[in-house]
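The structure that follows is given in the form of structure tokens.
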Amino acid sequence: MLDRYNRKINYLRVSVTDRCNLRCRYCMPESGIRLMPHKDILSYDEITEVVRTAVDMGVDKVRITGGEPLVRKGITELVRMISKIEGIKDLGMTTNGIMLPKYAKELKNAGLHRVNISLDSMDPEKYKTITRVGSLHDALKGIDAALDAGLTPVKINCVVDKNAMEPEAQKVKAFADSKGLQIRFIPQMDLHKGTFGKVIGGSGGHCASCNRLRLTPDGMVKPCLFSDIEYSVRELGAKQALIMAVDNKPSSGSSSQKSSFYNIGG
Ligand code: SAM
Ligand code: SF4
């Protein structure tokens, strides 16, 4: 699929839930979130149908995200359903890793290729402060579980205030280096204010070469994280929603008032 600006769109990020077992300060509002009603959340059959349609249209890279994808019941089954779709070259997941000791092997057996795991600090106290409720120990066990299960390459997502030279980020980098893991530094963004930057070590945040579409848990296809343009697969059907999203993908991001990281998945 080519958009109006000749960008090849071949990457679909699928957010399967707005729920999460952590409460990261930069992601979830302090006051808590209003959860999507269950009836609004796409079933696994509906998600698989959207992915299959997208693959027919040229998508070959799919990432499952959230919220925290591993808190959605039966997530391994969704991975199995998506991995059976012919034409996907790269099937990944972004997770905080906390539940990977339980799921890593199942996910690998279900056909998941690889995981990106979020890790912003190597200090247990700071990790808890950032995530409000998380344990660094659990996240590190999740990384080991992913490696043991062969969900490789395991990549680390590290959110930074401004740049990768910050001391916490450098400590996470030293850890990643010691384990032979790739690391991507994500500048902290604000969807509502429209502040975003390029991901260091990854492809995100570079509008001129953006190849992504996003599917929200309630079935909206979004052509851009930093825009409120969205098309409902339940109202329009998967194909039409995908076509309209590609045709109306903005040349560059501005801001989004409707969405948050915990429902579109970053
Ligand atoms: N729960 C999973 C996790 O944390 O990896 C997947 C969903 S999370 C929304 C996806 C990515 O978005 C994570 O790497 C997270 O660090 C990042 N993220 C969340 N809020 C962000 C923000 N305000 N600015 C930059 N990245 C953010
Ligand atoms: Fe949850 Fe991921 Fe958001 Fe943290 S960044 S609150 S782990 S969805």
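From L78, L107, L112, which residue is within 16 Å of ligand 1 (Cβ to nearest atom), in a loop (DSSP other than H, G, I, E, B), farther than 30 Å from P167 by Cβ and touching a Ser or Thr at 6+ places or on another chain (Cβ under 9 Å)?
Details: L78 fails: in a loop (DSSP other than H, G, I, E, B); L107 fails: in a loop (DSSP other than H, G, I, E, B).
Among L78, L107, L112, only L112 is within 16 Å of ligand 1 (Cβ to nearest atom), in a loop (DSSP other than H, G, I, E, B), farther than 30 Å from P167 by Cβ and touching a Ser or Thr at 6+ places or on another chain (Cβ under 9 Å).
If you scan the range 155-189, which residues turn out to be touching a strand residue (DSSP E or B) at 6+ places or on another chain (Cβ under 6 Å), of a type in the set (D, E, K, R) and in a helix (DSSP H, G or I)?
K173
Filter the range 2-41 down to residues that are touching a Leu at 6+ places or on another chain (Cβ under 8 Å) and more than 28 Å from V133 (Cα to Cα), then give me how many there are.
Here the count works out to 4.
Out of K179, K173, which single residue is more than 16 Å from ligand 1 (Cβ to nearest atom) and either in contact (Cβ under 8 Å) with a residue 12 or more places away in the chain or farther than 23 Å from I130 by Cα (or both)? Can you show your working first?
Values: K173 fails: more than 16 Å from ligand 1 (Cβ to nearest atom).
Criteria check complete, one pass: K179.
Quick check: anything in the range 131-146 surrounded by 14 or more Cβ atoms within 10 Å (Cβ to Cβ), farther than 18 Å from L70 by Cβ and either touching a Cys at 6+ places or on another chain (Cβ under 9 Å) or among the acidic types (D, E) (or both)? Full working, then the answer.
Taking the range 131-146 as the starting set, the residues that turn out to be surrounded by 14 or more Cβ atoms within 10 Å (Cβ to Cβ) are 131, 134-136, 138-146.
Those left that are additionally farther than 18 Å from L70 by Cβ: none.
Scanning the range 131-146 turns up no residue that is surrounded by 14 or more Cβ atoms within 10 Å (Cβ to Cβ), farther than 18 Å from L70 by Cβ and either touching a Cys at 6+ places or on another chain (Cβ under 9 Å) or among the acidic types (D, E) (or both).
Also, quick follow-up: Output the number of residues of the range 43-74 satisfying the condition of being part of a loop (DSSP other than H, G, I, E, B), crowded, with 22+ Cβ neighbours inside 10 Å and of a type in the set (A, V, I, L, M, F, W, C). Full working, then the answer.
Residues of the range 43-74 part of a loop (DSSP other than H, G, I, E, B): 43, 57-60, 66-68, 72-74.
Next cut, crowded, with 22+ Cβ neighbours inside 10 Å only: 59, 66-68.
Imposing the further condition that a residue be of a type in the set (A, V, I, L, M, F, W, C) reduces the set to 59.
Within the range 43-74, residues that are part of a loop (DSSP other than H, G, I, E, B), crowded, with 22+ Cβ neighbours inside 10 Å and of a type in the set (A, V, I, L, M, F, W, C) number 1.
Out of the residues in the range 216-240 meeting the condition of being surrounded by fewer than 23 Cβ atoms within 10 Å (Cβ to Cβ), farther than 19 Å from M36 by Cα and among the small types (G, A, S), tell me which one is modelled with the highest pLDDT.
G237
Does at least one position in the range 207-221 carry a residue that is farther than 22 Å from G92 by Cα, within 16 Å of ligand 1 (Cβ to nearest atom), charged (D, E, K, R) and touching a residue at least 24 places away in the same chain (Cβ under 8 Å)?
Initially, the range 207-221 is screened for residues farther than 22 Å from G92 by Cα, giving 208.
After this cut, where a residue has to be within 16 Å of ligand 1 (Cβ to nearest atom) as well, the list is none.
Looking for residues that are farther than 22 Å from G92 by Cα, within 16 Å of ligand 1 (Cβ to nearest atom), charged (D, E, K, R) and touching a residue at least 24 places away in the same chain (Cβ under 8 Å), one finds none in the range 207-221, hence no.
Here is a further query. Determine if the range 23-31 includes at least one residue that is at pLDDT below 95, more than 19 Å from the chain's Cα centre (by Cα) and part of a loop (DSSP other than H, G, I, E, B).
Yes.
Then there's this: Considering only residues of the range 81-104 that are in a helix (DSSP H, G or I) and not hydroxyl-bearing (S, T, Y), which is nearest to ligand 2 (Cβ to nearest atom)? If you could, list the steps in order and put the result at the bottom.
Step one: filter the range 81-104 for residues in a helix (DSSP H, G or I), giving 81-83, 100-104.
Retained after the next criterion (residues that are not hydroxyl-bearing (S, T, Y)): 81-82, 100-102, 104.
Values: M81: 22, I82: 20, L100: 12, P101: 16, K102: 16, A104: 17 Å.
Among those that are in a helix (DSSP H, G or I) and not hydroxyl-bearing (S, T, Y), it is L100.
Yes or no: the range 246-260 includes at least one residue that is within 16 Å of ligand 1 (Cβ to nearest atom), out of contact with any Phe, Trp or Tyr (no Cβ under 8 Å at 6 or more places or on another chain) and not polar (S, T, N, Q).
Scanning the range 246-260, I find at least one residue that is within 16 Å of ligand 1 (Cβ to nearest atom), out of contact with any Phe, Trp or Tyr (no Cβ under 8 Å at 6 or more places or on another chain) and not polar (S, T, N, Q), so the answer is yes.
Moving on to the next point. Would you mention how many residues in the range 190-239 are of a type in the set (D, E, K, R) and in a strand (DSSP E or B)?
Here is the first cut: in the range 190-239, the residues of a type in the set (D, E, K, R) are 190, 193, 198, 212, 214, 218, 222, 228, 230, 234-235, 239.
Pick out the ones that are also in a strand (DSSP E or B) and you get 190, 212, 214, 222.
The number of residues fulfilling the criteria is 4.
Touching a helix residue (DSSP H, G or I) at 6+ places or on another chain (Cβ under 6 Å) and β-branched (V, I, T) - does that describe any residue in the range 190-210? Even if it seems obvious, please write down each step before you answer.
In the first step, residues of the range 190-210 are kept if they are touching a helix residue (DSSP H, G or I) at 6+ places or on another chain (Cβ under 6 Å); the result is none.
Scanning the range 190-210, I find no residue that is touching a helix residue (DSSP H, G or I) at 6+ places or on another chain (Cβ under 6 Å) and β-branched (V, I, T), so the answer is no.
Something else now. Could you list, in sequence order, all residues of the range 5-24 that are more than 28 Å from D45 (Cβ to Cβ) and in contact with a helix residue (DSSP H, G or I) (Cβ under 6 Å, 6 or more places away or on another chain)?
Quick first cut of the range 5-24, residues more than 28 Å from D45 (Cβ to Cβ) only: 5-8, 22-24.
Of everything in the range 5-24, those that are more than 28 Å from D45 (Cβ to Cβ) and in contact with a helix residue (DSSP H, G or I) (Cβ under 6 Å, 6 or more places away or on another chain) turn out to be L22, C24.
Inspect the range 3-15 for any residue being buried (at least 22 other Cβ atoms within 10 Å of the Cβ), away from ligand 2 (no atom under 16 Å from the Cβ) and modelled with pLDDT of 95 or more and give the result as yes or no.
yes
The values are calculated or read from the model by the stated rules, or taken from the named source; none is laboratory data. Keep in mind it's a predicted model, so treat the numbers as computed, not measured. Cβ atoms come from the backbone with ideal geometry, glycine included; neighbour counts cover every protein chain shown.
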